[in-house]
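First the structure, in the form of structure tokens, and then the observations on it.
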Amino acid sequence: MSTKDSVTIYYQGHLLHHRQGETLLETLLRSGIELDFSCKSGVCHRCMLRCIEGDIPHDAARKLPSHQQETGCLLACQCRPTTDMMLAPKSPEDMVTRSMGVALEDSPSSAWQLTFETLRTLNYQTGQLVELMSDSMQDPVLATLMSNPDSDEYVIAQTDPLARLPSWLSRESIDGLSFCVRGPFPVEPVDQTVALPPDPQLWHQLGGDNVVRAVLTTFYQSVYQDPQLLPFFERVTMDRIIGKQFAFLKENILGEQVFLGEQPRNTHNWMVINDALFDHRQHLMLQAMRQHQLSESLIERWSAYEEQFRRDIVKYKPWPKRFGDLVIDTEQYETCLLEEATVCDYCGDEIPANTMVKFHKRIGKLGCERCSLTTKTLTETAS
């Protein structure tokens, strides 16, 4: 394939112009984009990115394992773009490290701990999550990294107390056992996202209220037809979410205090959204912007306002809601006594008064005895 004279690179809200002869890594570094890299020869894989749109040159991915090639991964130091490309950072899901078992033992909390060494440096922090998988990347189990990367010789991962022992793992075969570690996954940020300053000129250059609302309408029409994103909007009408996102953007870009909802970290606290899904969402938004013929420079500036909240949305397990020092875990059940009879939210049967029930804090549903193993009448509880 012949190389285009002018190639444009889209990366995390930035619009970059690639120069002929440059590698993708050189384009990113020249443009002032921070990117993890080391060897620049395709060995360390630290500059790996994912291609969302565009052609991946053969040399850009040939040094990666097949499972990473299949998900659109490439090495920036080996990539010389031939077409426009939309790129995303490597996801923890893309990072698979071959490892070897050392020991497996129970912990005081009834969980089990796996001690192992990695065949490639694992950059992690204590408390981060990883996924432990068989050598063929099957039967995964989530675990928390307990070791200190600065002082411990081996890596130690501990599972949840209720986690089962996967079929590929046993004490008898642990010494020298080959397996895979996916991650590490990010933990909840302790600091608040510092929002970009308002840019009223951008709002007017976009075309004002009518154009922004039209773009959002086109975008959410795609979202509500998308099987990956639709489940997150199960109980929200399209008109309502368009209105909320319109007000949120207007407040952030124009600077007017018109948004009355919660900030992204709390709004999305229960949604397990990985980088790949966030990138998929951004791709649909990019298509909507282009459909309304926004210039590439305006797309870049608008995208920056959305991209800044990635760290508040991407996660691998639910986060609690936070209001100052108050922490509310919405993913728990709460027990209460029914003063009046009601109906089961799952099957519609009547639940009599004086029944102790559990309901989910976030979705607000409660179940009858038949639907919920934890629902008991006061008479049964007393006996």
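Search the structure for amide H atoms under 5 Å from the amide H of Glu53, placed 1.01 Å from N in the peptide plane, and list their residues when 5 or more places away or on another chain.
Amide H to amide H, under 5 Å and 5 or more residues apart or across chains, Glu53 pairs with Met86.
Using a 10 angstrom cutoff on alpha carbons, build the Gaussian network for the chain and name the most mobile of Arg311, Arg19, Arg322.
So, out of Arg311, Arg19, Arg322, the one fluctuating most is Arg322.
With the crude spin-label approximation of a point 7 Å out along Cα→Cβ, what separation in nm comes out for Asp150 versus Phe233?
With each label placed 7 Å out from Cα toward Cβ, I get 4.5 nm.
Check cross-link reach from Lys63 to the aspartates and glutamates: straight Cα distance under 15 Å, and skip same-chain residues fewer than eight apart.
Answer for Lys63, where 15 Å is the Cα cut-off: Asp94, listed by chain and number.
Residues with beta-carbon under 14 Å from that of Met100, excluding Met100: net charge, scoring Lys, Arg +1 and Asp, Glu -1?
Around Met100, the charge tally is -2.
Going through the cross-link list Lys315/Lys358; Lys40/Lys250; Lys244/Lys365, which pairs have a Cα-Cα distance over 30 Å in this structure?
Lys40/Lys250
Quick one: which residues, 5+ away or cross-chain, put their amide H under 5 Å from the amide H of Cys368? H built at 1.01 Å from N.
Asp345, Tyr346, Cys347
About its Cα centre, how strong a charge dipole does the stretch 94-185 have in debye, to the nearest 20, once Lys and Arg get +1 and Asp and Glu get -1 at the Cβ?
It comes to approximately 200 debye.
Select from the stretch 173-280 those GluC sites (Glu not before Pro) which occupy a DSSP coil region and have at most 15 other Cβ atoms within 10 Å, ordered by residue number.
Here the GluC sites (Glu not before Pro) that fit, given the DSSP loop and packing criteria, are Glu234, Glu256, Glu262.
Would you calculate the separation in nanometres between label points at Ala214 and Thr342, each defined as 7 Å from the Cα along the Cα-to-beta-carbon direction?
4.6
Points 7 angstrom from Cα along the Cβ direction at Ala195 and Gln20: gap in nanometres?
With each label placed 7 Å out from Cα toward Cβ, I get 4.5 nm.
With a cut-off of at most 14 other beta carbons within 10 Å, and DSSP calling the residue loop, which GluC sites (Glu not before Pro) in the stretch 1-107 qualify? Please list them.
Glu34, Glu70
What is the sum of charges, Lys and Arg at +1 and Asp and Glu at -1, for the other residues whose Cβ falls under 9 Å from the Cβ of Trp112?
After counting each charged neighbour, the total is -2.
Just to be sure I understand: with springs between alpha-carbon atoms less than 10 Å apart, which residue in His45, His268, His292 has the highest mean-square fluctuation in the Gaussian network model of the chain?
Per the Cα network of the chain with a 10 Å cutoff, His292 tops the list.
Just in the stretch 188-296: which trypsin sites (Lys or Arg not before Pro) are loop by DSSP and have at most 11 other Cβ atoms within 10 Å?
Arg235
When the chain is treated as a GNM, springs tying every alpha-carbon pair under 10 Å, which of Lys315, Lys90, Lys358 comes out with the largest mean-square fluctuation?
The residue that fluctuates most here is Lys358.
Match the structure shown to one of the listed values (i) 22.2; (ii) 18.7; (iii) 24.6 of mean projected area of the Cα convex hull in nm², computed from it, and give that label.
Calculated mean projected area of the Cα convex hull in nm²: the matching label is (iii).
Skipping prolines and chain starts, which residues have an amide H placed within reach, meaning under 5 Å, of the one on Asp36, given they are 5 or more residues away or on another chain?
The list, which skips near neighbours in sequence, is empty: none.
Just so you know, all these numbers are worked out from the coordinates, no wet-lab data involved. Every value quoted in this text rests on a predicted model; they were computed, and no experiment measured them. Ideal geometry is used to build each Cβ from the backbone, glycine not excepted, and the neighbour counts take in all protein chains shown.
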